[in-house]
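For reference, the structure is listed below as structure tokens.
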Amino acid sequence: MSWHPQYRSSKFRHVYGKAASKDKCYDSVPITHNINDNHFCAVNPSFIAVVTECVGGGAFLVIPIKQTGKLDPHYPKVCGHKGNVLDIKWNPFNDFVIASCSEDATVKIWDIPNQLLKRNITTPKKELLGHARRVGLIEWHPTADNILFSSGYDYKIMIWNLGVMDAVISNPAKILDAHKDVVLSMSFNTDGSLLATACRDRKIRVIDPRAGTVLQEGSYKSHRVNKVSFLGNMKMLFSTGTSRWNNRQIALWDQNDLSVPLLEEDLDGSSGLLFPVYDSDTHMLYVVGKGDGNIRYYEISPEKPYLNYLMEYHSHLPQKGIGMMPKRGLDVAACEIFRFYKLIPTKSLIEPISMIVPRRSESYQADIYPLTAAAQPALTAEEWLAGINKGPLLVSLRPGSEAVKSLPQFPDQEPVTEATDLSQQQEEQGRISVEDTQKPREIERGRKRLKVEESLPENQQTCLSNGFDIFQCPPPKTESELLQMYYRQQEEIRRLRELVIQRDIQIKQLSLELRNLCMDTDD
């Protein structure tokens, strides 16, 4: 009996990190010397914000993303806090709104003007007063508008509704009092219905934030957790921490069972923290080391071995913090699938690191750019607080795509009962198909085809749904799955049209050769 090795096929096996040239970096930036274990940097397609040093309080810089090179030493700051700034986060649905938290126990919301700053900004748009001690972490909700989470050294997580008119908000919408020590990390699942936390008491918790209940709680003696992250819709959590021998360690967990990790692995003996960064579009996980210059990256799969090591980006310059560019700010022409902004305080430098898939073709590579989260909320704050869940709105990154500007809106779906036969499944899919205003004729043709299939005998009915074998790929159950299938189908139609055109050209060439051959034989 011969042994057959198992080979994995992956589009991201050869991804490599590419540091930006000197003129594309941000030089002479006074990066903070704070020892907190945060990113200290936030990025969107318009600005890069970085926590800086400031006498008599806390401040951060907001630099236009295209203003690279040496920074003016008198460049204006955002400096309204009375203590050191500990965390900053851009609003995912507004590139000109940023939140900051500080040792002064406040959270402030700032409006950033759409031009170069000429003077310091000292007056916030809103001020959130509720924590009794310093606030160490803030996170925006991934799908609901105007919902912000803050975590303080009073062991409480507060949920704020920023949609109210008051400039000073002292009553949070909800207070989560499930922790007995400082919260070190917060992470949402895809639709924001669950919150995962890592606490200094070495426990990982999965919390329903609206009910305030702890759904899962786990601690493992050989893994002291520091950071935790949801892995999209994989139903898994990823954590970084240290082993009992003080080695840096990573672990993978089933979100429904935190008693024992699915996977546990020691990395090295360094003392710096590890930041996990997950890209749900490509299912790639990046592990960024604080205090060293390395970025390890893996590919996540739903089956064993779950974590597949790809490669490691090495640099001799250690990073203190890291910023991540949202997908809509990437250079798709260069096959860039992720971009980090690396804080190097020893050189007062911010260095962009692009993660690139090597491709020879210069055309848009649809297979490495699936639909990604749009800069539009799927819910209002009131809807989310009332208990409604929705996944993020999705857009295509194809240049010039109309879907980037506006996405087809879905009506609220009714619960779909199980279909008893294939024709009923196809009928249900026909009801929830995307009403793309740009292509009503193609949608109408698809519906007519479904009606024809329903009228066929059972043994003649097609077994394809949205271009896929339904026995291998189940019908879409969520809006995002439906959109992904729709755009895959459109891409397949385009590819088939190109093949048909090539075949027509070949047929014409062969017919001409045949005619010439016949004329030669007649002569």
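The values are calculated or read from the model by the stated rules, or taken from the named source; none is laboratory data. Computed from a predicted structure; not experimentally measured. Virtual Cβ from ideal backbone geometry, glycine too; neighbours counted across all protein chains shown. Side chains included, ligands, DNA and RNA excluded: accessible areas come from the protein's heavy atoms. Shrake-Rupley method; radii C 1.70, N 1.55, O 1.52, S 1.80 Å.
Screening GLU303 on (1) in contact with a helix residue (DSSP H, G or I) (Cβ under 9 Å, 6 or more places away or on another chain); (2) of a type in the set (D, E, K, R); (3) part of a loop (DSSP other than H, G, I, E, B) shows it passes everything except condition (1).
Go through LEU397, LEU343, LEU393 for me and flag whichever is surrounded by 13 or more Cβ atoms within 10 Å (Cβ to Cβ), at pLDDT 95 or above and within 25 Å of VAL277 (Cβ to Cβ). It would help to see each step written out before you state the result.
Working: LEU397 fails: at pLDDT 95 or above; LEU393 fails: at pLDDT 95 or above.
Checking each option against the conditions leaves just LEU343.
Pairing each residue of the range 251-268 that is over 11 Å from GLN216 (Cα atoms) with any residue that is among the basic types (Lys, Arg) and at pLDDT 90 or above, provided the two are 6+ apart or on different chains, yields C-beta distances under 6 Å for LEU267/ARG248; ASP268/ARG248. Could you please let me know if GLY130 is within 24 Å of MET324 (Cα to Cα) and of a type in the set (Gly, Ala, Ser)? No; evaluated as a whole, the condition is false for this residue. Taken over the range 139-183, the criterion of being among the polar types (S, T, N, Q) and surrounded by 20 or more Cβ atoms within 10 Å (Cβ to Cβ) is satisfied by THR143, ASN146, SER150, SER151, ASN161. Looking for something open to solvent by less than 20 Å² (accessible area, probe 1.4 Å) and farther than 30 Å from LYS347 by Cβ - is there at least one such residue anywhere in the range 264-280? No; the residues of the range 264-280 include none that is open to solvent by less than 20 Å² (accessible area, probe 1.4 Å) and farther than 30 Å from LYS347 by Cβ. Residues of the range 60-104 being part of a loop (DSSP other than H, G, I, E, B), open to solvent by 20 Å² or more (accessible area, probe 1.4 Å) and under 18 Å from GLY136 (Cα atoms), which ones? Scanning the range 60-104 gives LYS82, ASN84, GLU103, ASP104. Taking into account only those residues within the range 204-245 that are open to solvent by 40 Å² or more (accessible area, probe 1.4 Å) and among the small types (Gly, Ala, Ser), which is nearest to LYS174 (Cα to Cα)? Here the answer is ALA211. For beta carbons closer than 7 Å, sequence separation of 6+ or different chains, a first residue in the range 22-50 that is closer than 19 Å to ILE121 by Cβ and a second that is charged (D, E, K, R) and modelled with pLDDT under 90, the qualifying pairs are PRO30/GLU53; THR32/GLU53. Considering the conditions (1) touching a Lys or Arg at 6+ places or on another chain (Cβ under 7 Å); (2) modelled with pLDDT of 95 or more, LEU267 is excluded by exactly one of them, (2). Within the range 354-369, is there a residue that is touching a strand residue (DSSP E or B) at 6+ places or on another chain (Cβ under 8 Å), buried (at least 17 other Cβ atoms within 10 Å of the Cβ) and under 30 Å from PRO30 (Cβ atoms)? Yes. For the range 297-315, does any single residue satisfy the condition of being in contact with a Leu (Cβ under 6 Å, 6 or more places away or on another chain), surrounded by 14 or more Cβ atoms within 10 Å (Cβ to Cβ) and without any contact (Cβ under 8 Å) to a residue 40 or more places away in the chain? Looking through the range 297-315, at least one residue is in contact with a Leu (Cβ under 6 Å, 6 or more places away or on another chain), surrounded by 14 or more Cβ atoms within 10 Å (Cβ to Cβ) and without any contact (Cβ under 8 Å) to a residue 40 or more places away in the chain.
Counting only residues that are assigned to a loop (DSSP other than H, G, I, E, B), within 24 Å of GLY291 (Cα to Cα) and more than 20 Å from the chain's Cα centre (by Cα), the range 35-59 holds 5 of them.
In the range 184-201, the qualifying residues are those that are in contact (Cβ under 8 Å) with a residue 24 or more places away in the chain and assigned to a loop (DSSP other than H, G, I, E, B), and the one that is least open to solvent (accessible area, probe 1.4 Å) is GLY192. ALA132 meets each of the listed conditions (1) open to solvent by less than 70 Å² (accessible area, probe 1.4 Å); (2) of a type in the set (A, V, I, L, M, F, W, C); (3) not in a strand (DSSP E or B) apart from (1). When MET355 is tested against (1) more than 30 Å from ASP23 (Cα to Cα); (2) modelled with pLDDT of 90 or more, exactly one condition is not met: (1). So, of the residues in the range 492-523 that are at pLDDT 80 or above and of a type in the set (Val, Ile, Thr), which turns out to be surrounded by the most Cβ atoms within 10 Å (Cβ to Cβ)? The qualifying residue surrounded by the most Cβ atoms within 10 Å (Cβ to Cβ) is ILE493. Restricting the range 1-22 to residues that are more than 14 Å from GLU336 (Cβ to Cβ) and of a type in the set (Phe, Trp, Tyr), the residue that is modelled with the highest pLDDT is TYR7.
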